[in-house]
Amino acid sequence: MKNLVILGGGYGGMKILSELLPNNLPEDVSITMVDRVPYHCLKTEYYALAAGTVPDKEVRVEFPEHPKLTVKYGEVIGVNAKEKKVLLKDDESISYDDLVIGLGCEDKYHNVPGAEQFSFSIQSIEKSRKTYSALNNLGPGSIVGIVGAGLSGVELASELSESRGDLKIKLFDRGNHILSAFPDRLSKFVEGWFKEHNVEIINHSNITRVEENTLYNNDVPVKCDVIVWTAGIQANKVVRDMEGEKDRSGRMVITPRHHLPNDEHIFILGDCASLPHAPSAQLAEGQAVQIVEVLQKRWNGEEPPAEFPPIKLKGVLGSLGKKQGFGMMADRAITGRVARLLKSGVLWLYKFHNG
Ligand SMILES: Cc1cc2nc3c(=O)[nH]c(=O)nc-3n(C[C@H](O)[C@H](O)[C@H](O)COP(=O)(O)OP(=O)(O)OC[C@H]3O[C@@H](n4cnc5c(N)ncnc54)[C@H](O)[C@@H]3O)c2cc1C
């Protein structure tokens, strides 16, 4: 029996399972999936979990059950490619024939002293729960500093302002306008929403240091009761610690077939892989489909395609609380209620297909 081991039951890992189960797995192949959390977590909703507007249960989806799937609960600490083994905490290991590493990403602190120690995070479910607890235990009038005004910082700031109108929220942004990756019109719409909802945007920020309850913006101290960091991501530490070429965010450089250049049995998936698009759940899923094609060809004794067409992305959608949203669909900026409805629809469909 050959063992396909999937590290991480995130968006990419789940897509691999849904492509292979129930009927597309050869007789002599079984799957072991390893995750530190005993269910699939909807990371795209962590902003709402942290803001206290959705319960924990709503961001969880059960892993599928299948006679050829073993789900192993554990903490991956490394990969021994020579011995084809995954190393788990507590001296356990798992042997693989093919390995897919989809362990997602972590915060990147850009060497800002104190940032990791004194700020909260929404990059994992455990951390999002701690952030929820810190934010929701704040007294009225408390100050929340959110560092980074990309998609996740904007979604958190807006959701929190709706759920806790009594807090003073400061959104620290590096550029002239928030959401710098989006067109100006869209950034301005979102800025207008924040103005109406009394969220303060601080442009041209440069966070130089973080201490307990204080962040330093361009070296000027700003008192905050809770600081949340949403100012950058990097690949999971397991991948950053592996040998091989990586990009500036520690993501592994891979071949067009999505495996390591020097090891065709190790595939790198989703936020761990260096790809020509910004990391996203959609991208992880698109890549998963192509990885499955490579595996299936090989299992059938056929040559996999040397390369694949570019992964098609449908667009990006962000929420501004429960009623308004923004996004890019087919290169067109959309704002308002329709964008929010579309975002809710995408989530509903995802849960429907995976729940
Ligand atoms: C607030 C927020 C909003 C977002 N909104 C969107 C959006 O609207 N659309 C979109 O496409 N993308 C969005 N993203 C990005 C998206 O969530 C990620 O790109 C996506 O989750 C990547 O999928 P993945 O499979 O690579 O990893 P993940 O989905 O992060 O899964 C990684 C898995 O690995 C497990 N794991 C990690 N380390 C270990 C370890 N050492 N041992 C064992 N298990 C481990 C984790 O528990 C997790 O289950 C958002 C992200 C955030 C934070």
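The values are calculated or read from the model by the stated rules, or taken from the named source; none is laboratory data. Computed from a prediction, not measured in an experiment: that's the story for all the values here. Heads up, the Cβs are rebuilt from the backbone with ideal geometry, glycines too, and the neighbour counts pull from every protein chain shown. The area values use the complete protein model at the heavy-atom level, side chains included, leaving out ligands, DNA and RNA. Shrake-Rupley method; radii C 1.70, N 1.55, O 1.52, S 1.80 Å.
Please count how many residues of the range 262-278 are open to solvent by less than 50 Å² (accessible area, probe 1.4 Å) and either in contact with a helix residue (DSSP H, G or I) (Cβ under 9 Å, 6 or more places away or on another chain) or hydrophobic (A, V, I, L, M, F, W, C) (or both). Result for the range 262-278: 9. Looking across Asp35, Asp90, one residue alone is of a type in the set (Asp, Glu), surrounded by 21 or more Cβ atoms within 10 Å (Cβ to Cβ) and either in contact with a Cys (Cβ under 6 Å, 6 or more places away or on another chain) or more than 30 Å from Gly165 (Cα to Cα) (or both). It is Asp35.
Using the structure shown, decide if Lys15 is under 24 Å from Asp263 (Cα atoms), open to solvent by 40 Å² or more (accessible area, probe 1.4 Å) and part of a loop (DSSP other than H, G, I, E, B). Spelling it out, it is not the case that Lys15 is under 24 Å from Asp263 (Cα atoms), open to solvent by 40 Å² or more (accessible area, probe 1.4 Å) and part of a loop (DSSP other than H, G, I, E, B). If we keep just the residues of the range 262-296 that are among the polar types (S, T, N, Q) and not in a loop (DSSP other than H, G, I, E, B), which is farthest from the ligand (Cβ to nearest atom)? Filtering first and then ranking leaves Gln296.
Rundown of residues vs (1) under 17 Å from Arg36 (Cα atoms); (2) open to solvent by less than 20 Å² (accessible area, probe 1.4 Å); (3) charged (D, E, K, R); (4) assigned to a loop (DSSP other than H, G, I, E, B), yes/no style:
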{"residue": "Pro64", "(1), (2), (3), (4)": "yes, no, no, yes"}
{"residue": "Thr70", "(1), (2), (3), (4)": "yes, no, no, no"}
{"residue": "Lys82", "(1), (2), (3), (4)": "no, no, yes, yes"}
{"residue": "Val86", "(1), (2), (3), (4)": "yes, yes, no, no"}
{"residue": "Leu103", "(1), (2), (3), (4)": "yes, no, no, yes"}
{"residue": "Val112", "(1), (2), (3), (4)": "no, no, no, yes"}
{"residue": "Gln117", "(1), (2), (3), (4)": "no, no, no, no"}
{"residue": "Ile122", "(1), (2), (3), (4)": "yes, yes, no, yes"}
{"residue": "Ser158", "(1), (2), (3), (4)": "no, yes, no, no"}
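So that you can scan it fast, the table gives a plain yes or no per residue for (1) in contact with a His (Cβ under 6 Å, 6 or more places away or on another chain); (2) among the hydrophobic types (A, V, I, L, M, F, W, C); (3) within 26 Å of Leu21 (Cα to Cα):
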residue: Val220; (1), (2), (3): no, yes, no
residue: Lys237; (1), (2), (3): no, no, no
residue: Arg251; (1), (2), (3): no, no, no
residue: Ile254; (1), (2), (3): no, yes, yes
residue: Asp271; (1), (2), (3): no, no, yes
residue: His277; (1), (2), (3): no, no, no
residue: Ala284; (1), (2), (3): no, yes, yes
residue: Pro305; (1), (2), (3): no, no, yes
residue: Pro310; (1), (2), (3): no, no, yes
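Residues being under 30 Å from Leu179 (Cα atoms), open to solvent by less than 50 Å² (accessible area, probe 1.4 Å) and modelled with pLDDT under 95 are represented in the range 312-319 by at least one member. The residues in the range 220-261 that are within 22 Å of Glu75 (Cβ to Cβ), within 16 Å of the ligand (Cβ to nearest atom), open to solvent by 30 Å² or more (accessible area, probe 1.4 Å) and in a loop (DSSP other than H, G, I, E, B) can be counted, and the count is 2.
Scanning the range 174-196 for residues that are open to solvent by 10 Å² or more (accessible area, probe 1.4 Å) and within 16 Å of the ligand (Cβ to nearest atom) turns up Ala181, Phe182.
Against the test of being surrounded by 23 or more Cβ atoms within 10 Å (Cβ to Cβ), outside any loop (DSSP other than H, G, I, E, B) and either of a type in the set (Phe, Trp, Tyr) or more than 17 Å from the chain's Cα centre (by Cα) (or both), the options Val210, Val154 yield a single qualifying residue, Val210. Scanning the range 156-163 finds one or more residues that are over 18 Å from Asp56 (Cβ atoms), within 14 Å of the ligand (Cβ to nearest atom) and out of contact with any Ser or Thr (no Cβ under 8 Å at 6 or more places or on another chain). So is Ile77 open to solvent by 20 Å² or more (accessible area, probe 1.4 Å) and part of a strand (DSSP E or B) or not? In short, yes.
The listed residues are Asp271, Asp225, Asp219, and the only one of them that is within 26 Å of Phe308 (Cβ to Cβ) and among the acidic types (Asp, Glu) turns out to be Asp271.
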